[in-house]
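Novice: Below is one structure. I have some questions about it.
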Amino acid sequence: MSFRPCCVIPSRNHYRDVARVVASAREQGLEVFLIDDASDEHAQSVLAAQAAVGVQVVRRPVRGGKGGAVSQGLVLAVAAGFSHAVQLDADAQHDLTALPALLALARANPDALVSGHAVYDGSVPKARRWGRLLTHFWVWVETLSLSISDSVCGFRCYPLAPTMAVLAPGRVGGFMEFDIEVMVRLHWHGVRVLMLPVRVFYPEGNTSNFEMLRDNWRITKLHTRLTLAMLPRAPGLLWRRFRG
């Protein structure tokens, strides 16, 4: 499989650190697709200004969620002829110095989804940590595997051909559940998932687009849907584990 990567950065009102995130991607030679998910006016202008440094900025006039923004960026990446797409969050909460290691691991394993495994410092909110642990448990159930140690980290590199095959039926959710669901469905699709430790920071004043009630309800429904969909797949998943 060839390896021609680009970068997709979804953003809704994250503008304080977006220039630093873009610069980190461009330092690695990556073309950047910055998807503005209907940001407010003060953030929109900052995001739009990134076009001046060669970034392809796409403005979504109606909010469609993080997953919808990433999906649109992946479609643009495929249309531009890229084989892989790095997903980065615009708020710079992931250690950007880990980007060369992410790319190196993806280059060495072009058939795999390479994703960050979050290593938190003391700034992580306790509710966020426990919520992530609960999701990890359900992902282990849904995949009948412990190979995915972190399903919510938005620091990853997608192999585009299998990812678009998973997205094409329109089954993957468009909001905060996207990162979880696309990873589980890629695993079902037979795509290897490789994990790379990456430090994660929660700086003071960081803007979160996670809506506690709505997104937790979306994620709850997602795990119910995936667990039910896993049942007919269980023999194949268990046979895969037995073989390898």
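Novice: Hey, among VAL75, VAL8, VAL46, VAL62, which residue is within 22 Å of PHE210 (Cα to Cα) and part of a helix (DSSP H, G or I)?
Specialist: Result of the check over VAL75, VAL8, VAL46, VAL62: VAL46.
Novice: Looking only at segment 230-244, how many residues end up being of a type outside the set (D, E, K, R), modelled with pLDDT of 95 or more and surrounded by 12 or more Cβ atoms within 10 Å (Cβ to Cβ)?
Specialist: Adding up the residues that qualify gives 1.
Novice: Looking at (1) surrounded by fewer than 16 Cβ atoms within 10 Å (Cβ to Cβ); (2) modelled with pLDDT of 95 or more; (3) assigned to a helix (DSSP H, G or I), which is the one condition that is false for ASP111?
Specialist: (3)
Novice: Please tell me if VAL57 is of a type in the set (A, V, I, L, M), at pLDDT 95 or above and more than 15 Å from the chain's Cα centre (by Cα).
Specialist: On the way: of a type in the set (A, V, I, L, M): yes; at pLDDT 95 or above: yes; more than 15 Å from the chain's Cα centre (by Cα): yes.
When the stated conditions are applied, VAL57 passes them.
Novice: Against the definition (buried (at least 20 other Cβ atoms within 10 Å of the Cβ), modelled with pLDDT of 85 or more and under 18 Å from GLN87 (Cβ atoms)), how does PHE178 come out, yes or no?
Specialist: So PHE178 fits the description; yes.
Novice: Moving on to the next point. Quick check on segment 13-43: of everything there that is in a loop (DSSP other than H, G, I, E, B) and hydroxyl-bearing (Ser, Thr, Tyr), which residue is modelled with the highest pLDDT?
Specialist: Only one residue tops the list, namely SER39.
Novice: For segment 200-215: of the residues being surrounded by fewer than 15 Cβ atoms within 10 Å (Cβ to Cβ) and not in a loop (DSSP other than H, G, I, E, B), which is modelled with the lowest pLDDT?
Specialist: Restricting to residues being surrounded by fewer than 15 Cβ atoms within 10 Å (Cβ to Cβ) and not in a loop (DSSP other than H, G, I, E, B), the top hit is MET212.
Novice: Moving to a separate point now. Which one is nearest to LEU105 (Cα to Cα) among residues in segment 1-57 that are of a type in the set (Val, Ile, Thr) and in contact with a Phe, Trp or Tyr (Cβ under 6 Å, 6 or more places away or on another chain)?
Specialist: Per the criteria, the residue is VAL8.
Novice: Has segment 137-145 got at least one residue that is of a type in the set (Val, Ile, Thr), over 17 Å from ASP215 (Cα atoms) and either in contact with a Lys or Arg (Cβ under 6 Å, 6 or more places away or on another chain) or surrounded by fewer than 22 Cβ atoms within 10 Å (Cβ to Cβ) (or both)?
Specialist: Yes: segment 137-145 contains one or more residues that are of a type in the set (Val, Ile, Thr), over 17 Å from ASP215 (Cα atoms) and either in contact with a Lys or Arg (Cβ under 6 Å, 6 or more places away or on another chain) or surrounded by fewer than 22 Cβ atoms within 10 Å (Cβ to Cβ) (or both).
The values are calculated or read from the model by the stated rules, or taken from the named source; none is laboratory data. Just so it is clear, the model here is predicted, and its values are computed rather than measured. Backbone-built Cβ (ideal geometry, glycine too); neighbour counts: all protein chains shown.
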